[in-house]
Amino acid sequence: MANRDHRKAVFAAALLSAMLPGVAAHAAEAPAAAVAQAPEADDRRILVMLKLGAEHFHAGADYGGGGYGDAVGQAARMREARRIAKEHGLHLVENWPMPVLGIDCVIMEVPVGRSLETVTTELSALPDVAWSQPINRFHVEGAKAVPMSAGPNDQLYAAQPASQQWQLDRLHDFATGRGITIAVIDSRVDAAHPDLAGQISTSENFAGEANRAAERHGTGVAGIIAARANNSVGIVGVAPGARVMALRACWERPGGGTVCDSLSIAKALSFAIERRANIINLSLSGPDDRLIAALIGISLSRGADVVAAVDSSRKDNGFPASVPGVIAVAEKGLSPQHAHVYIAPGADVPTTEPGGKWYLVNGSSYAAAHVSGLVALIQQTNRANGTHVATSTALGGRGEIDACAALARAGSLVDGSCSLAR
């Protein structure tokens, strides 16, 4: 508790010292951002995974007269989707090809009065359907934040828990994440923030209607991962040399909170796989989801690391943290019932806020962001050494992460002398 109080005091002092003369630092909620009108949890949409044989999705293959990507093949698959919708009394909404899984993800709407579970079960039994499922709702794993207005400053490094616990300055003598791309699947990131300018390689929106306003959760996660170093403002990311794919799959609700759904997350995952992201950060949780699990499996099979936030309310750590091969991360204070979990800084963490501001955040979302940054350092070390130390080997046993020991295992710190600061 004393350390947390000290970090808060350092943070407040840094903000005050950076303010222009005559302007006082103050606590204030960020202005409400424009919110995309994404469908809510009680919508009637379902996902229908239309099967494609292997010969159907290879380039130049024939599927009703055309290859997977050409107009003839796409038209043939849409005819099949329309037939299924018509025969089962459903409304065809849209089609989203997912060649990485060899399926077309078709979105259909079920009329009011019919059970979504019954319809998805019926469709899953069709020979041309791999499976059908409802669109599940997910939420980010952040706790209450403490927003503050802030002017330019370079004083917040000392307030970062990782500056002491992980000795970031020592880590950055050996690796910064250079050459590594991290897909942040979250709400919209403020790419113009002074601590993130030049750090975002790609920005895409998969969350329904266009929303141009930056959002807090995604911006905060991206800052912890890759905020610029030595730029005289704000914080230092765990991997300031890495680049971020900012993939908007979540959105802020008017009444507060940030949510996502199966379809938006799946679209973002598919994009990250196709663009060969080295690391995928999922600071979110929700019900088990077959489509998302399948895409995560493809990511892992292609050599990407997937990091997810733990849902402390679930004994199995929640989904997708419970997917085999996923690096499950929580902040300190987790119940002993949660096994196979890495612990990283996640309490009173200063990070980036839309509008050129910084604020304190709490929760497993932000602990996961720390680990995604650390994994980038490990991956860079592997490349530099021409080796392939498995990320799980570098991170060591589950529990509280010793970041310096992780880099030592990966080969950066030969003497292994950088130990976890308590």
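The listed residues are 223, 297, 241, 218, and the only one of them that is assigned to a loop (DSSP other than H, G, I, E, B) and in the same structural domain as residue 186 (by TED's automatic domain parsing) turns out to be 241.
So that you can scan it fast, the table gives a plain yes or no per residue for (1) aromatic (Phe, Trp, Tyr); (2) buried (at least 22 other Cβ atoms within 10 Å of the Cβ):
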{"residue": "197", "(1), (2)": "no, no"}
{"residue": "220", "(1), (2)": "no, yes"}
{"residue": "232", "(1), (2)": "no, no"}
{"residue": "235", "(1), (2)": "no, yes"}
{"residue": "246", "(1), (2)": "no, yes"}
{"residue": "251", "(1), (2)": "yes, yes"}
{"residue": "261", "(1), (2)": "no, yes"}
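Only one residue in 328, 266, 272 is touching a strand residue (DSSP E or B) at 6+ places or on another chain (Cβ under 7 Å), in the same structural domain as residue 217 (by TED's automatic domain parsing), of a type in the set (A, V, I, L, M, F, W, C) and more than 24 Å from residue 237 (Cα to Cα), so which one is that? Full working, then the answer.
On the way: 328 fails: more than 24 Å from residue 237 (Cα to Cα); 272 fails: more than 24 Å from residue 237 (Cα to Cα).
Going through 328, 266, 272 in turn, just one is touching a strand residue (DSSP E or B) at 6+ places or on another chain (Cβ under 7 Å), in the same structural domain as residue 217 (by TED's automatic domain parsing), of a type in the set (A, V, I, L, M, F, W, C) and more than 24 Å from residue 237 (Cα to Cα): 266.
On the stretch given as the range 120-160, residues that are part of a helix (DSSP H, G or I), of a type outside the set (Ser, Thr, Tyr) and modelled with pLDDT of 95 or more total 2.
The rows are residues; the columns are (1) under 23 Å from residue 180 (Cα atoms); (2) among the aliphatic types (A, V, I, L, M); (3) assigned to a loop (DSSP other than H, G, I, E, B).
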site	(1), (2), (3)
306	yes, yes, no
315	no, no, yes
328	yes, yes, no
351	yes, no, no
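Summed over the range 264-291, residues that are touching a Gly at 6+ places or on another chain (Cβ under 9 Å), crowded, with 24+ Cβ neighbours inside 10 Å and farther than 26 Å from residue 380 by Cβ total 3.
Only residues that are buried (at least 17 other Cβ atoms within 10 Å of the Cβ), closer than 20 Å to residue 294 by Cβ and at pLDDT below 90 were counted in the range 52-98, giving 5.
Residues in the range 165-189 that are assigned to a loop (DSSP other than H, G, I, E, B), buried (at least 24 other Cβ atoms within 10 Å of the Cβ) and either in contact with a Lys or Arg (Cβ under 9 Å, 6 or more places away or on another chain) or polar (S, T, N, Q) (or both): 177, 180, 187, 188, 189.
The values are calculated or read from the model by the stated rules, or taken from the named source; none is laboratory data. A quick note: this is a predicted structure, and the numbers were derived from the prediction, not measured. Positions of Cβ are backbone-derived with ideal geometry, glycine not excepted, and every protein chain shown enters the neighbour counts.
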